[in-house]
1. From the residues in the stretch 58-70 that are over 14 Å from residue 100 (Cα atoms) and in contact (Cβ under 8 Å) with a residue 24 or more places away in the chain, which one is surrounded by the most Cβ atoms within 10 Å (Cβ to Cβ)?
2. Among the residues of the stretch 168-191, which ones are in contact with a helix residue (DSSP H, G or I) (Cβ under 9 Å, 6 or more places away or on another chain), assigned to a loop (DSSP other than H, G, I, E, B) and more than 20 Å from residue 55 (Cβ to Cβ)?
3. In this structure, does residue 104 turn out to be outside any helix (DSSP H, G or I) and under 28 Å from residue 172 (Cβ atoms)?
4. Checking the structure you have, find out if any residue of the stretch 253-269 is within 25 Å of the chain's Cα centre (by Cα), surrounded by fewer than 19 Cβ atoms within 10 Å (Cβ to Cβ), modelled with pLDDT of 95 or more and in a strand (DSSP E or B).
5. Only one residue in 85, 3, 31 is part of a loop (DSSP other than H, G, I, E, B) and modelled with pLDDT of 95 or more, so which one is that?
6. Suppose the filter is without any contact (Cβ under 8 Å) to a residue 40 or more places away in the chain and closer than 30 Å to residue 251 by Cβ; does residue 197 pass it?
7. Output the number of the condition that residue 317 fails; it satisfies all remaining conditions of (1) outside any helix (DSSP H, G or I); (2) at pLDDT 95 or above.
8. Can you list residue pairs whose Cβ atoms sit under 7 Å apart, with the first residue in the stretch 103-132 being more than 21 Å from residue 57 (Cα to Cα) and the second being in a strand (DSSP E or B)? Count only pairs 6 or more apart in sequence or on different chains.
């Protein structure tokens, strides 16, 4: 059975934003947010640990009669100072939309530059935040670090803040199955094809957005037409294999059989796609459409087939497996 509309909207971050997203330094007048309790972070994935931190930030803000503000960065700091930037769990637009729907009163986006990277905590608060809000308390994870070389730890910031009447709270990380939830851990789960475990830590199914392009065109003749999907290189993709999934196109979610990675049987074909999906129950031309894929279950590893008949039988069996779980009807969520 397909998930309910609420769960699907959560998976595809099609939830109403209840807070404005304010960008600093975009040429517009600097937003003035007044007294605020803030949470600072890159918030990649806006996973269950992030949402716990944000909920505690909101609760503290309410107790003080102040605004709750999520302070984040664009681009992700890793893109500016990282030697080998890690693939991201979500694009910037999805990250900001998820933050804006988290219960905070505002999302403040700081352009992350090498100048910002070189500031210590005092410079960041005085030069970047002070013109835009008056922080009464700061909520971060216990492993949070700020500034050049990560020298501004929670302990350093707490001592500095105590002299200024600014409370700095370092929260213990949320754990799942005995391990701390983090974007790094979720990326590893995706590489290991453990999409259900990743969903537990994200609080939603892992999801990618892309655009449907052209491909080999052989699926239709085999009885399972596929949409070949191009996504940004900087996004985290599950490990190679075949998955049960959900596909959002034009406001409707369809069950999908998804192949990740170059199909071994067609590895020599230059038109082979690294990500393709059969949309179960869908009819119509989707070329050029925007699509989002949520991964719900790993089915099998990729492998080469000894014959076309074996390939067709296996793929159709996978599709029937998914049809038995999710049906073959679309669900409108827009």
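1. By that ranking, first place goes to 61.
2. Scanning the stretch 168-191 gives a single hit, 177.
3. Details: outside any helix (DSSP H, G or I): yes; under 28 Å from residue 172 (Cβ atoms): yes.
Yes.
4. So far as the stretch 253-269 goes, no, none of its residues is within 25 Å of the chain's Cα centre (by Cα), surrounded by fewer than 19 Cβ atoms within 10 Å (Cβ to Cβ), modelled with pLDDT of 95 or more and in a strand (DSSP E or B).
5. Details: 85 fails: modelled with pLDDT of 95 or more; 31 fails: modelled with pLDDT of 95 or more.
Going through 85, 3, 31 in turn, the sole match is 3.
6. Yes, satisfied.
7. Answer for residue 317: the failing condition is (1).
8. What qualifies is 111/74; 112/73; 112/74; 116/110; 120/152.
The values are calculated or read from the model by the stated rules, or taken from the named source; none is laboratory data. All values derive from a computational prediction rather than experimental measurement. Cβ coordinates were reconstructed from backbone atoms using ideal geometry, including for glycine residues, and neighbour counts include every protein chain displayed.
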